[in-house]
Amino acid sequence: MANSKLQSAKNAKNDEFYTQFHDIEMEMNAYLEYNPDVFRGKTILLPCDDPEWSNFTKYFAAKFDDLGIKKLISTSFAPESKKMVLGGLFSEWEQESPQFDADKSKNHGKIFVLERDVTGDGRINIDDLEWGYLDGNGDFRSEEVTRLRDEADIIVTNPPFSLFKEFFGWLLEGRKLFIIISNKNCITYKEVFPHIMRNQVWSGFTSWSGGMWFQTANNEDVDKVIDGKNMKNVGSIFITNIEHGRRHQPLSLMTQEDNIRFSKHKEIRCIGYYHYDNYDALEIPFTDSIPSDYEGIMGVPISWIEKYCPEQFEILGMCENLDLYNLKTKIYNADECRAAYYDKFKKSGTYDLNASGVIIVNGIKEKVYQRILIRKKS
């Protein structure tokens, strides 16, 4: 359900999902617990957050002194800003400011900068934010915002869902540290997965289960109202290239025999483990069913990435159509795909067996969900 909601939002280019403060705080605390100085002396850029509404801006502004931040920069995209009707943090302040320009407020992005004690109260916090208009509309792809990217040390944001692949490429081009939000399936993208496999990008701290709740400006697409705010649940995660402690916690594993005897999953207790027909690998349908005594290749759910400990496992590839990782042991021809479809559905059609791992259940070829291929380290 969450993935279908995300796809609907993507198709409609409904990118106005605003992250809750407590979700941001919980995620950032994980990096701070691992390295208390992770943000110290750093310039942090929030390039897709609309400072008028962003809890990312509020969080880093409130914690500016405590975290030892050097400079905070937050920018907005003008067309998204003028759609908002929620009552912004700085709306009245903007109109009362000497630099207010009615025309620019409609088609120019804004930039908020925090780096000095403007009020003279001996602290640097949200009251010291200085703002102005960008020359352009604030699109992250513009030269103006790209220069800000190049100035920054760390980029933190919830980027537009509809532009995630392009945004991720923009991030990598800048070679910056980052903490960003995306949908769970992003790790399977060809633009992202190779970096996961090479241990250059990994899951953030926040749990994958249950999705994340966002405030939305779309009154027609609401899952529930919480404290008077329209909220939507989306299957989203944090991804990052900054270390946190959860990333180095190994999974507790049982042997194949113990999993079959004691697993909470009926499929494992009653059937055990299947071996793929088209990969020399064991099918592992649940992360908590990975056996401790299997030394070969295993296909695990993409949600396993949340539990991935690089000291415990290595990533070899992914079950996919093109055999990009040279791990397939069989390529099915068109006749085999048609026969498999008829065997399963008892009607004419074609079953794209080459797109995933295949197991044989009661003599019938069955595709499994997307799998990551891994092996336990010695």
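General observations
- Were the residues from residue 321 through residue 280 laid out at 0.36 nm apart, the gain over their Cα-Cα distance would be 13.2 nm.
- Span per principal axis, largest first, for the Cα atoms of the chain (Å): 76, 45, 39
- For the range 240-259, the residues whose backbone nitrogen is under 19 Å from a point 7 Å from the Cα of residue 33, taken along Cα to Cβ, are 240-252.
- Highest-fluctuation residue, 99, 249, 215 considered, GNM on the chain with Cα pairs under 10 Å: 99
- Computed FRET value (nearest 0.05) for residue 271 with residue 251, which takes r as the C-beta separation and R₀ as 22 Å: 0.50
- Applying Stokes-Einstein at 4 °C and 1.567 mPa s to the Kirkwood radius of the range 147-272, computed over alpha-carbon pairs, gives a translational diffusion coefficient of 75 µm² s⁻¹.
- As a ratio to 2.2 N^0.38 Å, the alpha-carbon radius of gyration computed for the range 217-303 takes the value 1.60.
- Of 54, 348, 203, the one that fluctuates the most in a GNM where the chain has Cα springs shorter than 10 Å: 348
- Theoretical ellipticity at 222 nm over the chain - DSSP helices of four or more residues, -39500 (n - 2.57) apiece, nearest 500: -7000 deg cm²/dmol
- More than 13 Å apart - percent of Cα-Cα pairs taken over the range 103-143: 57
- Given in Å, the Rg to one decimal and the Dmax to the nearest whole number for the Cα atoms of the range 335-374 are 10.5, 35.
- Rule-of-thumb Rg ratio for the range 267-330 [Cα; 2.2 N^0.38 Å; N residues]: 1.13
- Compactness of the range 16-58, expressed as Rg and Dmax over alpha-carbon positions, Å: 11.5, 32
- Atom-type composition of the exposed protein surface of the chain places 47 percent of the accessible area on carbon and sulfur (1.4 angstrom probe).
- Of the trypsin sites (Lys or Arg not before Pro) found in the range 196-301, those that fall in a DSSP loop while having at most 15 other beta-carbon atoms within 10 Å are 198, 264.
- Of all the options 112, 168, 238, the one that moves most in a Gaussian network model of the chain with Cα springs shorter than 10 angstrom is 168.
- P(r) tail fraction, the range 199-252 - alpha-carbon pairs more than 18 Å apart, %: 49
- Take the Kirkwood radius over Cα pairs of the range 248-378, plug it into Stokes-Einstein at 25 °C and 0.890 mPa s, and you get 158 µm²/s for translational diffusion.
The values are calculated or read from the model by the stated rules, or taken from the named source; none is laboratory data. Owing to the predicted nature of the structure, the values given are computational and were not obtained by experimental measurement. Every residue, glycine as well, gets a Cβ built from its backbone with ideal geometry; the counts of neighbours run over all protein chains shown. Accessible surface is based on the protein model in full, side chains and every heavy atom, while ligands, DNA and RNA are left aside. Shrake-Rupley method; radii C 1.70, N 1.55, O 1.52, S 1.80 Å.
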